[in-house]
Amino acid sequence: MKPLFKRANTTMATFVCLRLPGDSRTKVGFITFDSTIHFYNLQEGLSQPQMLIVSDIEGSVEEPAKFIREDDGDPDVQHLSPATDFYKKLALDCSGQQVAVDLFLLSAQYCDLASLGCISRYSAGSVYYYPSYHHQHNPAQVERFQKDLKRYLTRKIGFEAVMRIRCTKGLSIHTFHGNFFVRSTDLLSLPNVNPDAGFAVQMSIEENLDDMQIVSFQAALLYTSSKGTQPGRT
């Protein structure tokens, strides 16, 4: 528990030194787990965070723990498809509440990314993976994690976003790629959106375009800023 608490303390110090986007409404909280669930008291005035430990509640830890295990090195294990739809269903529940889930995977053990990643994929979140991470023996990964976390905390962010992509008549968009939930035929639900997010589409030609010199595409994004304002569509 001591290394975990030390990392939490170091991370808190990082928060203090950074300028988070938004205003006084910005809130930060931590929940971690191993065999129990840990909450952290980060109230102003404390010399260091206080860790509060509670016992496992109705197996809430067991489901994610199943997908973080020792790699047995079996070449026949299939890693490309999710082993369960648990995380997709959870992601859709999160998306419905305008919550995006970002994963920072620092475990030195094998992680079933195909299963765990669904919670970020369908909630418009991101996955940050640091294989063979160790806070003492792998300084390169530690440095990468620190840079990624600083960027993650200080970049601009939009909330409760929706995006629609349109194209010239005669073309049609039939497939979207990226992390989001398709709310309707061409409307992407993005609980969070940031400058590092990327999206791609596949299109098909439905009509003859020989008489056209130019085709056009429009991506309209509507979101709420970290200060609570709603800029015009971009």
task: Kindly indicate whether Ser120 is surrounded by 15 or more Cβ atoms within 10 Å (Cβ to Cβ) and either out of contact with any Ser or Thr (no Cβ under 9 Å at 6 or more places or on another chain) or within 26 Å of Gly96 (Cβ to Cβ) (or both).
output: yes
task: Read through the list (1) open to solvent by less than 80 Å² (accessible area, probe 1.4 Å); (2) part of a strand (DSSP E or B), then give the number of the only condition that Glu160 fails.
output: (1)
- request: Looking for whichever is modelled with pLDDT under 85 and either among the hydroxyl-bearing types (Ser, Thr, Tyr) or under 21 Å from Gly117 (Cα atoms) (or both) here; the options are Thr234, Thr224. Which one fits?
  value: Thr234
message: Looking only at region 188-206, filter to residues that are β-branched (Val, Ile, Thr) and surrounded by 12 or more Cβ atoms within 10 Å (Cβ to Cβ); which one of those is modelled with the highest pLDDT?
response: Val193
query: Of (1) surrounded by 13 or more Cβ atoms within 10 Å (Cβ to Cβ); (2) at pLDDT 90 or above; (3) assigned to a loop (DSSP other than H, G, I, E, B), Leu209 satisfies all except one. Which?
result: (2)
task: Within region 204-234, track down each residue that is touching a Ser or Thr at 6+ places or on another chain (Cβ under 9 Å) and of a type in the set (Asp, Glu).
output: Glu206
field: So Ala219, is it more than 15 Å from the chain's Cα centre (by Cα) and among the hydrophobic types (A, V, I, L, M, F, W, C)
entry: yes
- request: Would you check which residues across region 174-187 are at pLDDT below 90 and surrounded by 13 or more Cβ atoms within 10 Å (Cβ to Cβ) and list them?
  value: Arg183, Asp186
- prompt: Just one of Arg155, Arg144 is charged (D, E, K, R) and open to solvent by 60 Å² or more (accessible area, probe 1.4 Å); which is it?
  reply: Arg144
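The values are calculated or read from the model by the stated rules, or taken from the named source; none is laboratory data. Everything numeric here is computed off the predicted structure, so don't read it as measured data. Cβ coordinates were reconstructed from backbone atoms using ideal geometry, including for glycine residues, and neighbour counts include every protein chain displayed. Surface accessibility is based on the protein's heavy atoms, side chains included, excluding ligands, DNA and RNA. Shrake-Rupley method; radii C 1.70, N 1.55, O 1.52, S 1.80 Å.
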